[in-house]
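Worksheet: one structure, shown below.
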Amino acid sequence: MTAMLASARTTRLSTSAVDDRDGFEYWKNAVSSTFVPLECRTDVTGVFRGELANVTLGDIQLTRIAAASHQVQRTRRTIGSNDPGLLKVALQIRGTGRISQDGHEAKLGPGDLALYDTTRPYTLRYDDNASFETFVLMFPAQLLGLPRDSVRAVTALRISGQDGVGALVSPFLAGLAELTSQDNPVLSSRLAHNVIALLETLYLDRLDLATTEPERVSTVRLLAIQGWLDRHLDDPELTPETIATAHHISLRYLHRLFAAEETSVSRWVKERRLEGCRRDLADPSLVRFSVAALAARWGLLDAAGFSRSFRSAYGLSPREYRMRALSPRSMPTGLVPRS
């Protein structure tokens, strides 16, 4: 797990970094450099505000965007300048958005999602409201595993987050969006590729190609549960029983889902909590907090048990790991870690 997390790269861009007069020009460049070359315009006459948080995990990119109303176009000219052959899936978080491609047009409300292809022209419009928020996954087209004709059939089609498989996928993506916006997101390449498998299941279902593949349903259910768990790791009362109850499934079925991944639900939760603690212990901005306080942030209230588990996982006690990770050069003057 640690090795896969090490490849994550995080970028944050905001118009607050430049003069108000240069805000939209800065935003246009930020959007094109984060995704693919795009043309942007806005009807905002005052100060334009926009910010994005981006996490790159290998060849998969996760981006959370909050901005004022504007329009984005992928044109033949911008495609000609750079055509990496990527797909994008957008989840609308706040406000409304419209997407058009391949003769389709969809209006997205909070919880809805849609897919689009960077190899062909498309238009995104966020002009029905003063501001909006969206979450975008961008990845190589071949990762989705759908034939090109099938991709064309589902571009710019609204997938509701209220029913069907979409009701499982939408909350999972919303949880990823929350993680992406954190200062030190706990995300892995494995999780990112599982997200693509989840999206493949969603679109196979939309194309009615998955009716004889029940294992895909189990994949969707497992990923939805893992996304929920990532948002509840701070709950010290988290147990297999409470997890099964929250998802309206039997305890036996819950264990079977995780066994298919060659792990157990308790082990999965423990590893995610320990990894979160490890990252916090190495964060200079959290040096004022004790080891016990950081562990409690991840639902680990048994100090002795946490120390034993941490040493078993990483070969050092939490205090030793922190002292090695935080060199004096990285700590604020006059502050030392205390545990």
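The values are calculated or read from the model by the stated rules, or taken from the named source; none is laboratory data. Keep in mind that what you see is a predicted model, and the values were worked out from it rather than measured. Accessible surface is based on the protein model in full, side chains and every heavy atom, while ligands, DNA and RNA are left aside. Shrake-Rupley method; radii C 1.70, N 1.55, O 1.52, S 1.80 Å.
Points to keep in mind about this one:
- Percent breakdown of C-alpha pair distances by 10 Å bin, ordered from the shortest bin, for the stretch 1-147: 11, 41, 37, 10, 1
- The largest accessible area among 40, 277 belongs to the first residue in 40, 277, and the rest follow in falling order (1.4 Å probe, all chains).
- Tensor-based shape of the stretch 28-87 (alpha-carbon gyration tensor, a/c under 1.5 rounded, otherwise prolate or oblate): oblate
- Between amide H atoms placed 1.01 Å from N, distances below 5 Å from residue 108 occur with 97, 98, 99, all of them 5 or more places distant or on a separate chain.
- The sum of -39500 (n - 2.57) across all DSSP H runs of n ≥ 4, divided by the residue count of the chain, sets its helix-only mean residue ellipticity at 222 nm to -12500 deg cm²/dmol.
- Ranking by accessible area, most exposed first, for 267, 308 with a 1.4 Å probe: 308, 267
- Dividing the convex hull volume of the alpha-carbon atoms in the chain by its residue count gives 151 Å³ per residue.
- In Å, descending, principal axis extents of the Cα set of the stretch 265-334: 41, 22, 18
- In straight-distance terms, cross-link reach from residue 107 covers every one of the lysines whose alpha-carbon lies under 24 Å from its own, apart from those fewer than eight places away in the same chain; here that gives 28, 88.
- When both the stretch 93-112 and the stretch 116-180 are represented by their alpha-carbon centers, they are found 9 Å apart.
- Rg followed by Dmax, in Å, when the stretch 118-264 is reduced to its Cα trace: 16.7, 49
- Protein accessible area in the chain, 1.4 Å probe - carbon and sulfur %: 50 percent
- Karplus-based coupling profile of the stretch 148-165, in residue order and whole Hz: 4, 4, 5, 4, 4, 6, 10, 5, 6, 10, 6, 10, 5, x, 9, 8, x, 5, with θ = phi - 60° in 6.51 cos²θ - 1.76 cosθ + 1.60 and x standing for Gly or Pro.
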